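Okay, structure first, notes after.
The values are calculated or read from the model by the stated rules, or taken from the named source; none is laboratory data. Since the structure is predicted, the reported quantities are computational estimates derived from the model, not experimental observations. Cβ coordinates were reconstructed from backbone atoms using ideal geometry, including for glycine residues, and neighbour counts include every protein chain displayed.
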Amino acid sequence: MIRKRLEFFFTKDFITQMKVFLKQISHYREIISFSLLLSIIANALGLIPALISGQIVDGYLSGRELANSPQIEKEILLWAGALFLAYVLSEVLNIIQNQVQLRFRTSFNHSLQDKLYKHVLHLPINFFNKTKSGELLSRFTNDINQITGLSNQLILTPINALLRLSVILAYCFYLSPWIALLILLIIGTLTILCMFLTKKTRPLQNEIYDKQAVIHGFLSEVFQGIRTVRSHAKEAEEISQHSQRHLDLNDTRLKSNLQIQGIYTLWSFMQAIAAALMLAGGSIMIIRGHMSLGELVVVQFFTAQLMNPIFNILSSISSTQGGLACLERYHKILSEELDNPPDSNRKKLDKCIEKIKIVNLNFSYLPDKPVLENISFTMQKGKTYALVGTSGSGKSTLADLICGFQKASIGNILINGIELQELNKENYIQHLAIVHQANFVFDGTIRDNILYGNTELTSSDLIELCQKAQLHDFIDSLELGLDSYIGENGIKLSGGQKQRLCLARAFAAKADLIILDEATSHLDSINERLIQKAVFENKNDLITLIIAHNLSTIKDVDQVIVLEKGEIKEIGTHEGLMKLRGLYFNMLKS
Ligand SMILES: Nc1ncnc2c1ncn2[C@@H]1O[C@H](COP(=O)(O)OP(=O)(O)OP(=O)(O)O)[C@@H](O)[C@H]1O
Ligand SMILES: [Mg+2]
């Protein structure tokens, strides 16, 4: 086991990962150097009590006749005072060093979080298809915490521990086993005392865990609703809210650390008093003939923390490996390619979408498994379109491609004659309103959810939208109306109510292209008809694309596109396709 661990430290992997990590923390070299300097000074101060003890032993207690005079007792008391001061100063420096270190860790953690979140929110939808959201969450929590801890494990802890250990080893050289046993007994008692006191700090620690859980909750929600976030171009807002929650958590961490430091101060104070008392009392007792010189040396070791350095080195060795593995996983996500990175220099649409031309489009999720082949058709402003076909024929995939959520393998989508991939993503999304087949609502009120589509809506706009989406009767029946909470992903709503809420949110966005993917599939026929009427009300101002299995709902569209196994088999008006007596005709009849 030990050999294995040692081998790990000399592998190429370790050196490469160390380099990556050192590069990552290079922005913080000032604060790390300061922290290291503080801890070296604190450790050096920790040596002074031993030197003072030696001074007392050599100067007063050996090599000559012991003189029992008040003057000598006074001098010894002065030495004891100096010892006490050295301890206190060393501990004060330790506290400052700890706070400096925590500031570095929280700020390093914050920057790791922001960088990863910004990257992940812009990753292709495919990334979320292949990555479990829980796994992704642990990258943000456990992994980043471990990476942050690496600075301690790789730099601060080993240097500190080695300094202390070398001093302790020098002492041990002169120690007998019996005294060592006594020291262990003292350290054990102090450890139990420390464990008891740290129990008191639990409430603030729990607050930290609660806040972390809240952050996980929000992250999980956003990842599950990534399409909705994308559809409303809310990435920047989500990133800034996440950042804010983290600042709040960092505040609690700092408070909790102060509390823990308070306990350590108390402990150290007690140790300092005990050491000073024992030194003074012990020396006086030697002079009076009640104690031996060897016993005085034992007194010196009362406050020496023998276990800490060994424990720190051991724990840092085991956690370093975990930390480096986390670092590797973190960078793996950052190396995931953005298919259409946010770029403000890309072309923006200077007018509303008037024409969408799809030219020979091919797409596959997996190599050699085409999902869409040779898709070509054109959509124009003022016209309504329906995409029909058997389940799995590629309708939702085509909608994703039109929205820019997926990238075509071959072929083009031209928006007003401009290639979709050349357009500014945020700008393009603002021209769309989408109700996805796997619809998603946020844990909040009905009002919050509709406003997500357009934050500038007034109360009367909201009422109008709810009427358009046939949601008004349901809202009137609720005690809190628009301010009713709907639970995580609308758990408190029926399937139809949730669909209507998504429709209201889509209507809220003033879009040029509206895509409804099975958006009314959970509704009764009366509501479905009323919503259809509402959708078609403004049809002259936009392009409407409806994906539906219930073919009776799309009879009035201008053009029906029939997909089968990823290919367009028929295209035309309802009447035209009925006359053709082909696939569409059979689908309708069956
Ligand atoms: N993320 C994915 N990874 C791999 N294959 C996928 C993925 N999403 C969909 N597919 C596959 O692509 C094909 C088309 O799926 P799509 O969801 O576009 O069909 P659809 O026409 O919308 O079906 P439905 O009417 O049931 O909604 C299906 O065979 C499906 O299994
Ligand atoms: Mg679908």
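The figures follow:
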quantity	calculated
Subset of region 496-522 (residues that are modelled with pLDDT of 85 or more and within 16 Å of ligand 2 (Cβ to nearest atom))	Q499, C502, I515, L516, D517, E518
Residue match in region 398-418 (condition: surrounded by fewer than 18 Cβ atoms within 10 Å (Cβ to Cβ) and under 29 Å from G490 (Cα atoms))	no
Pairs, first within 14 Å of V222 (Cα to Cα) in region 129-141, second among the aromatic types (F, W, Y) and more than 16 Å from ligand 2 (Cβ to nearest atom), C-beta under 7 Å, six or more apart	S133/F223; L136/F223
Residue check, N98 within 16 Å of ligand 2 (Cβ to nearest atom), over 22 Å from Q241 (Cα atoms) and either among the small types (G, A, S) or over 18 Å from the mean Cα position of the chain (by Cα) (or both)	no
Residue identified as within 12 Å of A508 (Cα to Cα) and within 16 Å of ligand 1 (Cβ to nearest atom) among I463, I434, I450	I434
Some residue of region 523-544 being within 16 Å of ligand 2 (Cβ to nearest atom) and assigned by TED's automatic domain parsing to the domain that holds F442	no
Selection status of L503, within 16 Å of ligand 1 (Cβ to nearest atom), closer than 23 Å to C352 by Cβ and assigned by TED's automatic domain parsing to the domain that holds T397	no
Region 202-223 - residue that is out of contact with any Gly (no Cβ under 9 Å at 6 or more places or on another chain), more than 16 Å from S243 (Cβ to Cβ) and surrounded by 15 or more Cβ atoms within 10 Å (Cβ to Cβ) and, of those, modelled with the lowest pLDDT	Q205
Test for D343: is it at pLDDT below 90, within 15 Å of ligand 1 (Cβ to nearest atom) and not in a helix (DSSP H, G or I)	no
Residue in region 369-387 that is of a type in the set (V, I, T), more than 21 Å from K234 (Cβ to Cβ) and within 16 Å of ligand 2 (Cβ to nearest atom) present	yes
Strands (runs of 3 or more DSSP E) wholly inside region 496-590 that include at least 1 residues being surrounded by fewer than 18 Cβ atoms within 10 Å (Cβ to Cβ) and out of contact with any Cys (no Cβ under 8 Å at 6 or more places or on another chain)	559-564, 567-572
Condition broken by I450, with the remaining ones in (1) within 15 Å of ligand 2 (Cβ to nearest atom); (2) surrounded by 22 or more Cβ atoms within 10 Å (Cβ to Cβ); (3) of a type in the set (A, V, I, L, M) satisfied	(1)
Some residue of region 370-377 being in the same structural domain as D517 (by TED's automatic domain parsing) and free of Cβ contacts under 8 Å to residues at least 40 places away in the same chain	no
Residues being assigned to a helix (DSSP H, G or I) and either touching a strand residue (DSSP E or B) at 6+ places or on another chain (Cβ under 7 Å) or touching a residue at least 40 places away in the same chain (Cβ under 8 Å) (or both) - total across region 224-241	10
Hits in region 83-101 (condition: surrounded by fewer than 18 Cβ atoms within 10 Å (Cβ to Cβ) and either β-branched (V, I, T) or within 18 Å of N160 (Cα to Cα) (or both))	V88, L89, V92, I96, Q99
Qualifying residue in region 390-405 (condition: assigned by TED's automatic domain parsing to the domain that holds E567 and more than 16 Å from ligand 2 (Cβ to nearest atom))	yes
Test: residue in region 356-368 that is touching an Asp or Glu at 6+ places or on another chain (Cβ under 9 Å), acidic (D, E) and away from ligand 2 (no atom under 16 Å from the Cβ)	no
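For (1) of a type in the set (D, E, K, R); (2) in contact with a Leu (Cβ under 8 Å, 6 or more places away or on another chain); (3) more than 12 Å from S231 (Cβ to Cβ), each residue gets a yes or a no:
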position	(1), (2), (3)
Y428	no, yes, no
A433	no, yes, no
A438	no, no, yes
F442	no, no, yes
D448	yes, no, yes
I463	no, no, yes
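This table checks each residue for (1) modelled with pLDDT of 90 or more; (2) within 16 Å of ligand 1 (Cβ to nearest atom); (3) touching a Pro at 6+ places or on another chain (Cβ under 6 Å).
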position: L85; (1), (2), (3): yes, no, no
position: N94; (1), (2), (3): no, no, no
position: N98; (1), (2), (3): no, no, no
position: S133; (1), (2), (3): no, yes, no
position: L137; (1), (2), (3): no, no, no
position: T141; (1), (2), (3): no, no, no
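A quick yes/no check of all residues on (1) within 16 Å of ligand 1 (Cβ to nearest atom); (2) more than 31 Å from the chain's Cα centre (by Cα); (3) modelled with pLDDT of 90 or more:
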site: D350; (1), (2), (3): no, yes, no
site: K355; (1), (2), (3): no, yes, yes
site: V359; (1), (2), (3): no, yes, yes
site: M379; (1), (2), (3): no, yes, yes
site: V388; (1), (2), (3): yes, yes, yes
site: L401; (1), (2), (3): yes, no, yes
site: F405; (1), (2), (3): yes, no, no
site: T445; (1), (2), (3): no, no, yes
